[in-house]
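A short reminder: the numbers here are calculations on the coordinates, not readings from a lab. These numbers come from a predicted model, not from an experiment. For neighbour counting, all protein chains shown are included, and Cβ atoms are generated from backbone atoms with ideal geometry for every residue, glycine included.
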Amino acid sequence: MWLTQLLQRNRQCFPDRTALVDARRSVTWAELHDRVERLARGLSWRGIRRGDRVAVLSLDRVEVLETYFALARLGALFVPLNHSLTPAEVTELAESCEPVAVIGESALLERHPDLPVRIRVPVDDPEFAALCEADGPALPHSPVPAPAAISDLPDVPDDAPAAILHTSATTGRAKGVAVDHASFRAIALGWLAQVRPTDDIVLVNCCPLYHGSMVVSLTYMAAGATVVLMPGFHPQRALAAIEHNRATHVWLVPQMLRFLMQAKALRSTDLSSLREVLYGAAPMPPEVYAEAVERLGCGFRQVYGMTEVGGPFVTLGPDEHPAPGAVDVIPAGRVIPGMSAKALGPKDQEVPPGEIGEICARGPGVMRGYWNDDKATADITTDGWIRTGDLGFIDRDGRVHLIDRSKDLIIRAGQNVYPREIEQALRAHPAVHDAAVVGVADADYGEVPLAFVVAEDGTTPDEVRAHLAGLLAAYKRPRHIRFIEEVPRNPAGKILKKSLPV
């Protein structure tokens with residue numbers, strides 16, 4: 001019941017304070033609490049029950065978080081879906097968890113007519129408003145009996161699953177990470193104890209609510225903060241949101257910060273209210289950090305997390321950040337109270353401080369497991385510890401340092417891109433005989449995919465790009481395509497990516 005208790009507590013403590021803001025409207029804590037209660041009852045009238053999975057397909061807006069809270073109150077699982085994926089990719093994710101309903105923006109719902117659900121609720125339709133505002137059944141012909149009042153619903157236990165948050169495994173196939181109410185509570189309480197945020201915070205959230213980064217917003221909401229939602233990142237709009245809302249904090253990935261530094265509006269925008277920049281999901285380029293420190297004049301907080309670990313479990317505060325130019329790589333930080341971290345060597349033994357190993361995490365915030373995939377869960381777990389796939393070390397002061405990734409993961413502006421998925425899509429082209437994909441540095445996005453393709457004579461890059469457009473989301477598609485005679489492989493058939501002419 002953590003998310004429900006969060007609303008109850010903030011309605012009691014800060015009823016008239018703004019809770020959420022988007023480009024269309026804002027709601028106070030009292031309004032948010034009451035709308036969520038009515039929405040939970042309304043969704044129950046529509047036939048959604050405890051344990052049901054409900055897909056959410058929308059740009060960031062107030063209604064998305066209202067939906068998450070309402071489903072949590074019912075004991076149903078919210079399943080955010082990445083709206084930038086192709087219809088085939090979205091359908092594949094949905095089929096893996098068998099949702100009974102989808103809630104989202106009309107335009108996105110229309111783009112995905114084949115989602116396997118029996119209930120569709122557009123958040124920008126009068127029906128959704130009626131569900132949030134009605135004192136009685138908005139739809140009297142409910143397919144199954146529903147409670148007369150939300151108070152008739154029993155409390156949801158903390159160990160009940162609350163959400164399925166999708167990420168990608170080493171094969172590039174998306175997996176659903178099942179997290180329970182206790183996970184949200186553990187991460188929030190650990191973060192609050194470590195960071196000690198004040199309740200007057202106004203946080204501009206530049207990151208999407210469809211994956212684990214949304215836990216950051218929920219955690220600051222637990223402190224009573226106001227969260228400002230963006231329908232997608234655009235530097236000018238983000239700067240305007242900071243200025244208009246007198247934001248104290250902003251949550252973004254390093255490449256977003258790079259774009260802010262390049263924006264023409266930066267010089268004319270009043271950012272004097274800004275106290276702290278929270279960043280994560282990718283390494284911070286030293287030159288971006290140095291420029292931002294000089295131009296913004298505020299503190300910086302690194303956030304290191306993983307969906308399978310419950311979200312942000314390591315942080316480096318402003319007082320611990322090095323001076324610009326002092327180091328090439330900024331430490332990830334210390335683990336939050338309640339969670340534990342260690343580095344494991346090749347034989348799964350814990351390595352001493354300063355020695356490189358694979359960073360692993362354990363604690364009440366970790367996932368229940370991958371949804372309906374016990375094998376994948378076992379593969380990432382060692383004696384209760386979740387393997388992050390990141391290589392690094394822990395120093396004698398308890399700070400986690402990240403050195404490299406143990407997988408071939410490409411991080412494009414904070415979004416995970418897996419080469420194998422792109423390679424499979426490339427090989428599906430009838431004229432492509434083989435393919436290999438690696439990540440290369442990019443000034444705008446940090447890292448982008450570079451594809452090496454073995455194809456029939458006459459095949460053009462434009463043909464290959466057109467083929468990929470129907471199979472992969474835009475951010476996954478290679479920015480560069482090079483044709484080669486042969487993909488180098490070892491005797492076992494594995495691609496020798498170090499031998500590619502990058």
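Kirkwood hydrodynamic radius, region 337-436, all distinct C-alpha pairs: what's the number in Å?
Taking every pair of different Cα atoms in region 337-436, averaging 1/r and inverting gives 15.7 Å.
Please give me the summed charge of the neighbours of residue 377: other residues whose Cβ is under 12 Å from its Cβ, Lys and Arg +1, Asp and Glu -1.
0
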Legend entry - Estimated dipole of region 382-502 in Debye, rounded to 20 [Cβ of Lys and Arg +1, of Asp and Glu -1, Cα centre]: 280
Legend entry - Residues whose placed amide H lies under 5 Å from that of residue 390, excluding near-sequence neighbours: 359, 406
Legend entry - Amide hydrogen neighbours beyond the local backbone of residue 53, cut-off 5 Å, H modeled: 77, 100
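Would you work out if region 410-499 is rounded, prolate or oblate? Take a ≥ b ≥ c from the square roots of the eigenvalues of the alpha-carbon gyration tensor; rounded if a/c is under 1.5, else prolate when a/b is larger than b/c, oblate otherwise.
Values: a/c = 1.77, a/b = 1.20, b/c = 1.47.
Judged from the Cα gyration tensor, region 410-499 comes out oblate (a/c at least 1.5, b/c at or above a/b).
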Legend entry - Centre separation in Å (Cα based) which lies between region 410-425 and region 337-382: 23
Inset, instruction - Note down the Stokes-Einstein diffusion coefficient of the chain in µm²/s, whole number, using a Kirkwood radius over alpha carbon pairs, 37 °C, and 0.692 mPa s. - result: 138
Inset, instruction - Report the local net charge at residue 116: Lys and Arg +1, Asp and Glu -1, summed over other residues whose C-beta lies under 13 Å from its C-beta. - result: -1
Inset, instruction - Find how many whole Å separate the alpha carbon centroid of region 431-484 from the alpha carbon centroid of region 246-320. - result: 31
Inset, instruction - Take every Cα pair under 8 Å in the chain that's 6+ residues apart, average their separations, divide by the length, and report that relative contact order as a whole percent. - result: 12
Legend entry - Total lysine pairs whose alpha carbons fall under 21 Å of each other in the chain (8 or more apart, or interchain): 12
Legend entry - Pairwise centroid distance, computed over Cα atoms, of region 15-58 with region 69-91, Å: 14
Inset, instruction - Can you tell me the order of 417-424, 455-462 when each peptide is scored by its average per-residue count of other Cβ atoms within 10 angstrom, highest first? - result: 417-424, 455-462
Legend entry - DSSP beta bridge pairing in the chain, given as percent antiparallel to the nearest 5: 60
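Find the percent of Cα-Cα distances in region 175-301 that exceed 27 Å, and round it to a whole number.
Summing the P(r) tail past 27 Å for region 175-301 gives 17 percent.
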Inset, instruction - From zero up to wherever the largest Cα-Cα distance of region 1-156 sits, split into 10 Å bins and tell me the percent of pairs in each. - result: 11, 41, 36, 11, 0
Inset, instruction - In whole Hz, with x marking every Gly and Pro, tabulate ³J(HN,Hα) for region 194-211 from phi via Karplus 6.51 cos²θ - 1.76 cosθ + 1.60, θ = phi - 60°. - result: 7, 8, 6, x, 8, 7, 9, 5, 10, 9, 8, 9, 8, 9, x, 8, 9, 9
Inset, instruction - Using the Cα centre as the reference, give the magnitude of the dipole from point charges on the C-beta atoms of region 202-357 (Lys, Arg: +1; Asp, Glu: -1; all else neutral), rounded to the nearest 20 debye. - result: 440
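List the trypsin sites (Lys or Arg not before Pro) within region 17-89 that fall in a DSSP loop (any state other than H, G, I, E or B) and whose Cβ has at most 16 other Cβ atoms within 10 Å.
Answer in residue order: 17, 24, 25, 49, 50.
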Inset, instruction - Add +1 for every Lys or Arg and -1 for every Asp or Glu among the other residues with Cβ under 10 Å from the Cβ of residue 255, and state the total. - result: -1
Inset, instruction - Could you check what % of the DSSP bridge pairs in region 1-156 are antiparallel, to the nearest 5? - result: 20
Legend entry - Size of electric dipole in the chain: Cβ of Lys, Arg +1 and of Asp, Glu -1, about Cα centre, debye, nearest 20: 280
Inset, instruction - Only helical DSSP H runs with n ≥ 4 go in: add -39500 (n - 2.57) per run for the chain, normalise by residue count and round the 222 nm mean residue ellipticity to 500 deg cm²/dmol. - result: -8500 deg cm²/dmol
Inset, instruction - Work from the charge dipole of region 21-142 (Cβ charges, +1 for Lys and Arg, -1 for Asp and Glu, about the Cα centre) and give the residue of 93, 40, 116 farthest towards its positive end. - result: 40
Inset, instruction - Mind checking which of 470, 451, 419 is farthest towards the positive end of region 410-499's charge dipole, using Cβ charges of +1 (Lys, Arg) and -1 (Asp, Glu) about the Cα centre? - result: 419
